[in-house]
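Below is one structure, written out as structure tokens; the observations come after it.
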Amino acid sequence: MKSFGSFVIGIILFLGAFCLLWWNEGNSATKINIANYTNKYAIEVSSNSIQRDNDNKLIATHGLAKTTSTLGDEFVESPNTLVLERVVRMYQWIEDNEDGKTVYKKDWSDIEQNSDEFEDKNHRNPKFSISSREYYAPNATLGQYDLSEKQIEMIEPQKEFLHLKEKSGYEIIDNQYYKGKDINNPEIGDILISYNYAPSETSISIIGEQKSDNTIASMIHKKFGAIYIQYDGKMTKAEILEKYRNNNKILTMGLRFLGWFLMFLGLKLFFEPLVNFLNFIPILGNLANAATTFIFALITFVLSLFTISIAWFVYRPLLSISLIILGTMIAIFVKKKFIKANKPE
């Protein structure tokens, strides 16, 4: 039954990898087109004055996001704050896998480790008594523009909140609230709470469509979809687009590797029942594991290249030609090596 489960999961991962690779290339191509379109048509403007001639046009601007809102919870109050982030960590049992063995270790984590799903039921974690959370200013401005709730939520709370007040049941240690007996010898269930925030007058940069109600929103393009870019910091249009392109490259390459790995893992799981059967013969089993790992890595690499090239042929035809040639050369090389290795003396 375990082998059958691996077989089914292998099929799902193998087929899902093709979908991921295809979507990734389409998404990457769309972002490249958005960057090119924005570079050509976006108008750089000052956020301190609004020109009505730019209504319904794509603009690029930067400035200081401002608010008079006070944000807080039962622990802190932060005046003139755009975003307040509460980070709660608990000392917990964490289940991990090392060299094929399930191990348990104690550590601080802001992610609740559900001990109900542990293999060893003797390791138990309590539930979080308080959760991590973000608080947002109800209104803010960027120069003469009004910021929406979603735009405020995109601002990163990068500064550490330093004005902690005494709270019953908690100690203040290293600018964190600690609930427990001894921070140097924590026990399962001990709590640490810290805060980060984005103050008023945080610099942000935006590319979007100027609206007649003094807001900046996504521009809906009939071919590319929604066009809207926002980053923290003071940036020109060129700098915004450079960061946008770099982020796209990093994401695209990361998902390409993930797609290949899922395809490789899927193929390994698909053939796992056969490899397990061969493991009954020690030497043959070891050889089968090594050989299948190498062969599956090459096969899935070639399949990934072909998938990417075909997707690029659909989304960006010129670039796909080089990928098709590379994939073909690798396939021919692998075939020649396989034939040579199996050719009788």
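Loop only per DSSP, at most 16 neighbouring Cβ atoms within 10 Å: give me the GluC sites (Glu not before Pro) in region 121-206, ordered by residue number.
Counting only loop positions with at most 16 other Cβ atoms within 10 Å, the GluC sites (Glu not before Pro) in region 121-206 are GLU166, GLU187, GLU201.
Using +1 at the C-beta of Lys and Arg and -1 at the C-beta of Asp and Glu, which of SER168, LEU258, LEU192 has the Cα lying farthest in the positive direction of the dipole of the chain?
Of the options given, the answer is LEU258.
Out of the trypsin sites (Lys or Arg not before Pro) in region 122-158, which ones are loop residues according to DSSP with at most 16 other C-beta atoms within 10 Å? Walk me through the intermediate numbers first.
Details: sites: ARG124, LYS127, ARG133, LYS150; in loops: ARG124, LYS127.
The qualifying sites are ARG124, LYS127.
Would you mind telling me which residue in SER28, SER200, SER131 has the biggest mean-square fluctuation in a Gaussian network model of the chain, where springs connect alpha carbons within a distance under 10 angstrom?
Its mean-square fluctuation being the largest, the pick is SER131.
Would you mind computing, in nm to one decimal, how far apart the modelled labels at SER46 and ASN247 are, each placed 7 Å from Cα along Cα→Cβ?
My value for the distance between the label points is 2.7 nm.
Based on DSSP H runs of at least 4 residues, each adding -39500 (n - 2.57), what is the mean residue ellipticity at 222 nm of the chain after dividing by all its residues, to the nearest 500 deg cm²/dmol? Write out the running numbers ahead of the final one.
Working: 6 runs with 146 residues, N = 345.
So the calculated ellipticity at 222 nm is -15000 deg cm²/dmol.
To check my understanding: the extent here is largest minus smallest coordinate of the Cα atoms along each principal axis. What are those three numbers for region 148-227, in Å, largest first?
Principal extents (Cα only, largest first): 60, 27, 17 Å.
What ratio of Cα Rg to 2.2 N^0.38 Å holds for region 59-166?
On the way: Rg = 19.8 Å, N = 108, 2.2 N^0.38 = 13.0 Å.
So region 59-166 has a normalised radius of gyration of 1.52.
Taking the simple approach of a point 7 Å from Cα along Cα-to-Cβ for both GLU187 and GLN113, what is their distance in nm?
1.8 nm
What are the equivalent ellipsoid semi-axes of the chain, built from the alpha-carbon gyration tensor (square roots of five times its eigenvalues), in whole angstrom, biggest first? Write out the running numbers ahead of the final one.
Values: eigenvalues 431, 274, 35 Å².
So the three semi-axes of the chain are 46, 37, 13 Å.
Short version: ³J(HN,Hα) in whole Hz for each residue of region 186-192, in order, from phi by Karplus 6.51 cos²θ - 1.76 cosθ + 1.60 (θ = phi - 60°), x for Gly and Pro, what are they?
After applying 6.51 cos²θ - 1.76 cosθ + 1.60, I find x, 10, 4, x, 5, 10, 10 Hz.
Gain in length, ASN97 to ASN139, computed as 0.36 nm per residue apart minus the alpha-carbon separation, to one decimal in nm? Write out the running numbers ahead of the final one.
Details: separation 42, 0.36 × 42 = 15.12 nm, distance 4.63 nm.
Difference between extended and current length: 10.5 nm.
I want to verify the translational diffusion coefficient of region 1-125 in µm²/s; compute it with Stokes-Einstein, Rh as the Kirkwood radius over Cα pairs, at 25 °C and 0.890 mPa s. The partial results should precede the final answer.
On the way: Rh = 21.7 Å.
For the chosen part, D equals 113 µm²/s.
FRET efficiency for THR328 and TYR37, Cβ-Cβ distance as r, R0 = 25 Å, nearest 0.05?
Numbers: r = 33 Å, r/R0 = 1.33.
The pair THR328/TYR37 has a calculated efficiency of 0.15.
If the limit is 23 Å between Cα atoms, which of LYS159/LYS211; LYS127/LYS167; LYS150/LYS243; LYS105/LYS268 go over it? Don't skip to the end; give the middle numbers.
On the way: LYS159/LYS211 31 Å; LYS127/LYS167 21 Å; LYS150/LYS243 21 Å; LYS105/LYS268 30 Å.
Over 23 Å Cα-Cα: LYS159/LYS211; LYS105/LYS268.
So how much slack lies between ASP213 and LYS234, counting 0.36 nm per residue of separation and subtracting their Cα-Cα distance, in nm?
Difference between extended and current length: 5.2 nm.
Rank PHE224, ALA311, ILE32 by how far each Cα sits towards the positive end of the charge dipole of the chain (+1 on Lys, Arg Cβ; -1 on Asp, Glu Cβ) and give me just the farthest.
ALA311
Multiply the residue separation of SER168 and SER132 by 0.36 nm, subtract the distance between their alpha-carbon atoms, and state the gained length in nm to one decimal.
On the way: separation 36, 0.36 × 36 = 12.96 nm, distance 1.93 nm.
Fully extending the segment from SER168 to SER132 adds 11.0 nm.
Quick one: if you stick a label point 7 Å off each Cα along the C-beta vector at ASN122 and VAL87, how many nm between them?
Reported label-point gap for ASN122 and VAL87 is 3.4 nm.
None of the figures in this text is laboratory data; all of them are computed from the coordinates on show. All of these numbers come straight from a predicted model, not from anything done at the bench. Using ideal geometry, Cβ is built from the backbone for each residue, glycine included, and neighbour counts are taken over all protein chains shown.
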